[in-house]
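Colleague: Can you keep this structure in mind? I'll have questions shortly.
Read the figures in this text as sums done on the coordinates, not as results from a lab. This one's a predicted model, so the numbers in the text were calculated from it and none came from an experiment. Don't worry about glycine lacking a Cβ; one is built from the backbone with ideal geometry, like all the others, and counts go over all protein chains shown.
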Amino acid sequence: MKSGLKLSAMIVLLASPTMPGAIQAAVTQQPVPVQVPPPRLDYQPVQPAPILWQRAAVDELIAYAEGIGAEGLDPAAYAPDRLRAALATGDDAAITPAASQLFLRLAADLSGGAVRGNARGEWYMPDTAIDGNRQQLLLAEASQGGVAAVLDSLHPTHPQYAMLKRALAVTPAEETARRELIRANMERWRWMPRALGERHVLVNVPAFTAAIVDNGRVTLRHRTVVGARRTQTPSLSANMTAVTLNPWWTVPQSIIREMGGRFNDSYVVTRTGGTITARQRPGPGNSLGRVKIEMPNEHAIFLHDTPAQALFSRPVRAFSHGCVRTQGIRDFAAELLAASGQWSRAEIDGAIASGRTQQVALDRPIPAYIAYFTAAATNDGNIVTYADIYGRDAAVRRALNSAGPQVARAD
């Protein structure tokens with residue numbers, strides 16, 4: 001009842017002839033809204049201060065380029081005489097761009113390698129060259145002095161690179177073939193990630209080996225069979241994530257075509273339209289053997305067991321379709337798993353004997369690198385060489401020796 005009275009009173013009030021004027025007065029007494037201008041979108045980013053090279057830094061840069069042969073690179077490719085000629089003019093407008101271009105070229109080649117593109121030969125690891133922002137930071141630092149320290153910080157940190165460098169230094173100039181081989185493999189180390197991981201796996205294709213490396217020390221090394229010349233094993237990096245025991249093998253379409261559609265009873269085959277899908281059951285005759293180490297990558301390359309154990313006794317072991325068959329892979333897998341307190345070799349054997357397919361995830365991923373090195377240095381300075389099974393050295397040598405002066409952008 002009370003609510004009805006209130007509603008009636010409101011109706012009477014609104015009906016009053018004086019109400020419109022009161023409302024108008026109340027409205028006109030409100031403060032005028034403030035008009036906020038739209039934000040300006042034509043701002044200019046802060047430009048970095050222009051680089052001005054100190055004369056002592058330019059001298060140091062010239063000396064560094066002239067001595068770059070110690071890193072297996074060709075001094076002529078960097079044309080230090082151009083910068084020397086610019087320096088002789090005394091004109092900063094000529095000196096600064098010439099010095100910056102030379103520095104950026106050296107920085108790019110030392111951090112990411114002087115050889116690019118197809119000359120690397122099926123090399124699919126991430127580019128290691130420093131990005132533009134870091135280039136500019138290092139350029140600004142080096143222009144004021146300490147050029148050698150800045151550029152030295154870009155060298156590969158792997159012990160093998162340092163040993164190859166020492167071997168190059170003591171190899172006489174007349175031993176051209178040996179020097180060229182060392183240079184090519186120093187270059188390949190520039191393509192490798194600088195931090196490989198405290199624990200990692202390194203497969204060297206020409207050496208036919210797979211190694212587990214802990215804190216720079218090889219703790220396990222096994223023989224491998226790698227891709228044949230027509231089905232080459234590519235160079236790549238990936239994380240090992242799991243071990244599969246008694247794996248199925250999904251046959252790649254390229255191999256199905258090779259088999260001509262002929263399969264024995266160990267395969268499960270389905271035909272959908274014109275497409276054939278084939279999977280091989282686990283067992284002693286499975287092409288992957290009893291163990292597969294999972295390392296997802298776009299090339300579908302991984303380490304696995306094999307029923308063709310006799311091939312491991314061959315000196316040259318390039319027979320696979322690209323994947324890496326690994327001798328004694330049960331021990332290899334046990335070492336990967338044991339580091340995190342997981343399965344022992346006996347437990348792996350028991351699981352395999354059950355015949356059941358099992359996948360055991362690694363406690364944490366282990367970086368794996370499949371690389372192509374045709375030479376390695378020993379601690380005493382000797383060089384161990386491996387057959388260039390895919391003929392990739394020649395392209396690297398040509399690229400290193402024909403790299404004429406190039407212009408690097410300083411902006």
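Colleague: Taking only Cα atoms, what is the 0 to 90° angle, nearest 10, from helix 329-338's long axis to the longest principal axis of the chain?
Modeller: Roughly 40 degrees between the two axes.
Colleague: Just the projected area, averaged over all directions, of the convex hull on the alpha carbon atoms of the chain: how many nm²? Let's see the in-between values first.
Modeller: Numbers: hull surface 169.8 nm².
If you wrap the Cα atoms of the chain in a convex hull and average its projections, you get 42.4 nm².
Colleague: Which shape class applies to the range 309-411: rounded if a/c is under 1.5, otherwise prolate when a/b exceeds b/c and oblate if not, where a ≥ b ≥ c are the square roots of the Cα gyration tensor eigenvalues? Each step should come with its number before you reach the end.
Modeller: On the way: a/c = 2.62, a/b = 1.91, b/c = 1.38.
Verdict is prolate for the range 309-411.
Colleague: Please turn the phi angles of the range 261-277 into ³J(HN,Hα) values with the Karplus equation 6.51 cos²θ - 1.76 cosθ + 1.60 (θ = phi - 60°), one per residue in order, whole Hz, x for glycine and proline.
Modeller: With the stated coefficients, the range 261-277 comes to x, 9, 9, 8, 6, 7, 9, 9, 10, 10, 10, 10, x, x, 9, 9, 10 Hz.
Colleague: Turning to a different aspect of this structure: In degrees, nearest 10, range 0 to 90: what is the angle between the Cα axis of helix 92-112 and the longest Cα principal axis of the chain?
Modeller: Once rounded, the angle reads 60 degrees.
Colleague: Would you calculate, for the chain, the mean residue ellipticity at 222 nm contributed by helices, counting each DSSP H stretch of 4 or more residues as -39,500 (n - 2.57) and dividing by all residues, to the nearest 500? Numbers along the way, then the final one.
Modeller: Details: 13 runs with 148 residues, N = 411.
Value at 222 nm, helices only, nearest 500: -11000 deg cm²/dmol.
Colleague: Quick one: Karplus J couplings for the range 163-174, per residue in order, coefficients 6.51, -1.76, 1.60, θ = phi - 60°, nearest Hz, x for Gly and Pro?
Modeller: Those phi angles translate into 5, 5, 4, 5, 5, 5, 5, 9, 8, x, 4, 6 Hz.
Colleague: Please list, by residue number, every one of the GluC sites (Glu not before Pro) in the range 85-192 that is coil in DSSP and has at most 14 other beta-carbon atoms within 10 Å. Intermediate results must be reported in sequence, preceding the final value.
Modeller: Numbers: sites: Glu122, Glu141, Glu174, Glu175, Glu180, Glu187; in loops: Glu122, Glu174, Glu175.
Here the sparse-neighbourhood loop sites are Glu174, Glu175.
Colleague: Further, regarding this structure: Calculate, in whole percent, how much of the Cα-Cα pair population of the range 199-385 lies beyond 23 Å. All intermediate terms of the calculation are to be shown ahead of the outcome.
Modeller: Working: 7636 of 17391 pairs.
Cα-Cα pairs in the range 199-385 separated by more than 23 Å: 44 percent.
Colleague: Amide H to amide H, which residues 5 or more places from Gln342 or on other chains are under 5 Å from it, using H placed in the peptide plane?
Modeller: For Gln342, no residues qualify.
Colleague: How about the range 297-386: which chymotrypsin sites (Phe, Trp or Tyr not before Pro) there are in a DSSP loop, with at most 15 other Cβ atoms within 10 Å of their Cβ?
Modeller: Details: sites: Phe302, Phe312, Phe319, Phe332, Trp343, Tyr369, Tyr372, Phe373, Tyr386; in loops: Phe302, Trp343, Tyr372, Phe373, Tyr386.
For chymotrypsin sites (Phe, Trp or Tyr not before Pro) across the range 297-386 that sit outside H, G, I, E and B with at most 15 neighbouring Cβ atoms in 10 Å, the list is empty.
Colleague: Further question on the same structure: Are there trypsin sites (Lys or Arg not before Pro) in the range 192-258 that DSSP puts in a loop and that have at most 16 other Cβ atoms within 10 Å, and which ones? Let's see the in-between values first.
Modeller: Values: sites: Arg194, Arg199, Arg217, Arg221, Arg223, Arg229, Arg230, Arg257; in loops: Arg194.
Passing both the DSSP loop test and the Cβ count: Arg194.
Colleague: Cα axis of helix 55-66 to longest principal axis of the chain: angle in degrees, 0 to 90, nearest 10?
Modeller: Taking the Cα atoms of the chain, the angle to 55-66 is about 40 degrees.
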